[in-house]
Structures are given as C-alpha cells and as structure tokens.
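Every read-out reported here was derived from the displayed coordinates using simple, explicitly stated rules and does not represent laboratory data. Only a predicted model underlies this, so the values are computations on that prediction, with no experimental measurement involved. All Cβ positions, glycine included, derive from the backbone under ideal geometry; neighbour counts span all protein chains shown.
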Amino acid sequence: DTAVSQTPKYLVTQMGNDKSIKCEQNLGHDTMYWYKQDSKKFLKIMFSYNNKELIINETVPNRFSPKSPDKAHLNLHINSLELGDSAVYFCASSEWNTEAFFGQGTRLTVV
Amino acid sequence: AQKVTQAQTEISVVEKEDVTLDCVYETRDTTYYLFWYKQPPSGELVFLIRRNSFDEQNEISGRYSWNFQKSTSSFNFTITASQVVDSAVYFCALSSNYTGANSKLTFGKGITLSVRP
C-alpha cells in the first residue's frame, strides 16, 4: 500500500559505473519529482515531470537522465558516477500545489 | 527568487518542554504555499502541514501548532509538551502558485530537534 516507492533503498557502487533508481506512485498524481539531499541534509529539486513530460531540470549535470515511461513511474539513471554524487535521492509525487508525498529515499554511496 | 531561512540549526530540549521552530521566507509571488515536513532518524520525509498565502489563520493539530504571519513573512511551528518521538529534522518549504510540475518545493536547511528524556 506504499504511496510512493523507490528502489533500491541503498546503493553502493564504484566511480565510473552507471546506475538507476526506480520510482513508482500509486496515488494517481500527475506530477513526479526527484530531489537530492546532500550530506548536510539540504534538499533540492532536480527534476519534475508532468504526465511524462519534463518540466523542471534544475541545472543538473547531463549524466543524470530521468525517464518517465508513464505518469506513475519516474526513474533516474546516472552515468559515470562520481564521488560527489553520493547523497540521498528522493522521489516524490503531488497534484498541483498540494503537498508532495515522498518515497523512503535511496542512499547512494559512490566509492 | 524564492528563499526559505531556518536560522536555528539545532535545538535540544527536555521532554515536556515547548519548542518553537522558526521559518522565514522570501518570495515575490502574491500567491504561494508553505509547508512543514518532518524527517525522523529513519530518513523518510513526512508531510505535516500546508498553508495557502491567503489563509493566515493559525492551525492546531494535537500538540502541533503553526503561526503564519505574512507581515513578517514567517511560518513558525510550535510543539507543545515535546516528546522523545519528536526528535527529527524539521523542514520548512515554499512553493509558488504555478501550474503542474512547476510547483517545486524550495526547502530551508532544516532544524535538528533533539528531545531528551
């Protein structure tokens, strides 16, 4: 019954690898997001999608590529991982200007 | 540009004390939305409240209360009779009245609240 679910919860990988994080929401929301939380707990928007269309791309490196096969799914693919990509990545969904519901987060560690 | 300032970084209280978490925001929009989220040690982000810019009524939910004052651009959060389970990082956030996916959340840096038994 999880509203927003993302997998995996933990991801440890070596520099230079490519990895994906998957996100699914069963709330029927039109909008989905990716947020990044850094080591100081600061949360910042990365991307937003509305009905599979990219709306916000907040100056994220090209190595990050979101993909939305349908409005219930928003995956995040990261190429050529760098040490600085280590963070917690949160998927979220919402309707227009209502509260966003967040997934449990994916803790990515690049070694 | 939008900005949310949570000047307090860490607060430590003893159980049953009242504690107020401050939030000051900046926006040029006349219509906007304010939020509070809780992030317990387990890491998930839990929605607490959403407030429209045109609704300045204070809100109370159990031990939680929120004071929204447009005149000072503040949206403060008070926990009455704090409990150990209130220990968490609390985020204040702002979004503007844009349509669809433009309604992104701008977060403050968060306040770490520790409630000691």
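Quick notes
- DSSP-assigned coil residues among trypsin sites (Lys or Arg not before Pro) in the range B:5-68, each with at most 14 further Cβ atoms within 10 Å: B:Lys16, B:Arg28, B:Arg63
- All Cα pairs of the range A:1-93, percent lying beyond 20 Å: 31
- From the C-alpha gyration tensor of the protein assembly as shown, square roots of 5λ in Å: 30, 21, 15
- Among the trypsin sites (Lys or Arg not before Pro) found in the range A:10-111, those both in a DSSP coil and sparsely packed, with 16 or fewer other Cβ atoms within 10 Å of their Cβ, are A:Lys40, A:Lys41, A:Lys52, A:Arg63.
- DSSP-assigned coil residues among chymotrypsin sites (Phe, Trp or Tyr not before Pro) in the range A:31-111, each with at most 16 further Cβ atoms within 10 Å: A:Phe42, A:Trp96
- For the protein assembly as shown, a crude dipole built from +1 on the beta carbon of Lys and Arg and -1 on the beta carbon of Asp and Glu, taken about the Cα centre, is about 440 debye to the nearest 20.
- Shape descriptor for chain B: Rg over Rh equals 0.97 (Cα atoms; Rh from the Kirkwood inverse mean 1/r).
- Debye, to nearest 20: dipole size of the range A:34-111, +1 on Lys, Arg Cβ, -1 on Asp, Glu Cβ: 160
- Note on A:54-65: average number of Cβ atoms from other chains within 10 Å of each residue's Cβ is 1.
- Globularity ratio of the range A:40-108, using Cα Rg and 2.2 N^0.38 Å: 1.12
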